[in-house]
Structures are given as structure tokens and as C-alpha cells.
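All remarks here apply to the structure that follows.
Readers should treat all values here as calculations from the given coordinates under stated rules, not as data from a laboratory. Here the structure is a predicted model, which means the values were calculated and not measured. Positions of Cβ are backbone-derived with ideal geometry, glycine not excepted, and every protein chain shown enters the neighbour counts.
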Amino acid sequence: MKKVFPFSQAGKARPRVVEAVKHEIRNYLAREQRKTLPEGWDRWEFDCKLGANAAQAREVMVSKLIKGVDAVVQGGGDEVYVEILAKPGRKPKREKPEAPASTAAGWEKIVKIKSADFFPVPPS
């Protein structure tokens, strides 16, 4: 999706138009994520650009798109340019931590604690 969203529409308040833009962005992301992945891929990744216009658009993370729209609105912009391109991606594999060889060796280190250590007897 490469689109310029104007913030002014006849008969609609600016805050409602801004919310409609955010709603359309969220819906587009959800729609793209519902598409079937090509074989051998784990998830969808998105390359996103956002700015007051196409020339000023900068790369942003997907999680920062809505905040970026808010920033353009706070800056007094009359429109926002949003570019979202979906591509298949893979999740990085996690390495499992190695388990200790034996937990029995740890029991040797336990120190016996006397109850007097916790409940000292007051001096008489």
C-alpha cells in the first residue's frame, strides 16, 4: 500500500478523519497478515515508510506507524504519506540453554541453619 491520506474532508471533523486513517492502516496490516504464507516461511514482515509526503517519508517500524501519524498531525500537516510493503520472513531460532549435568552435586552445598539464627533468645 502506497497512499496519501488527507486530514481534511468536507463535513468531517479533523480528529475523526485522523482516527479513520489509523483504522485503515490497522485493517490493512491485519488483512495482509491473514494471507497465506508461501511454503517455507514463518510470518509476514513489513517494510514501512511514513512522512508528511512521499519525498519526506522515512523508514519506520510497524509498531511506530500510528505514533508517526500522530506526530504528523501534531506537526500541523494536512496529509500523511504511508507506504507498507509486506514480505515473507522467518522467525529467528532460539537456542535452548544447556541443563546442568547433575543437580545432586548442588545438595552438598546446603548449610544447616539453626532456629536460633532466626529467633534469637533475648538476653536475660
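Based on the Cβ-Cβ distance of A13 and I66, what FRET efficiency does E = 1/(1 + (r/R0)^6) give at R0 = 22 Å, to the nearest 0.05?
Computed FRET efficiency for A13 and I66: 0.70.
Answer with one residue from V73, A86, G11: the one whose Cα lies farthest towards the positive end of the charge dipole of region 2-89, charges on Cβ with Lys, Arg +1 and Asp, Glu -1.
The residue sitting farthest along the positive end of the dipole is G11.
Could you tell me which trypsin sites (Lys or Arg not before Pro) in region 16-48 are loop residues by DSSP with no more than 10 other beta carbons within 10 angstrom of their beta carbon?
K35
I need the GluC sites (Glu not before Pro) found in region 5-53, filtered to DSSP loop residues with at most 11 other beta carbons within 10 Å of theirs.
Filter output for region 5-53: E39.
For region 19-91, with only Lys/Arg (+1) and Asp/Glu (-1) charged at the beta-carbon, what is the dipole magnitude about the Cα centre, in debye rounded to 20?
With only Lys, Arg, Asp and Glu charged at Cβ, the dipole is about 340 debye.
Rounded to two decimals, what is the ratio between the C-alpha radius of gyration of region 2-89 and 2.2 N^0.38 Å?
1.17
Can you check what the net charge comes to around Y81, using other residues whose Cβ is under 11 Å from the Cβ of Y81 (Lys, Arg +1; Asp, Glu -1)?
+2
For Cα pairs less than 8 Å apart in space and 6+ apart in sequence, what is the mean separation divided by the residue count of region 13-83, i.e. the relative contact order in percent?
So the answer I get is 29 percent.
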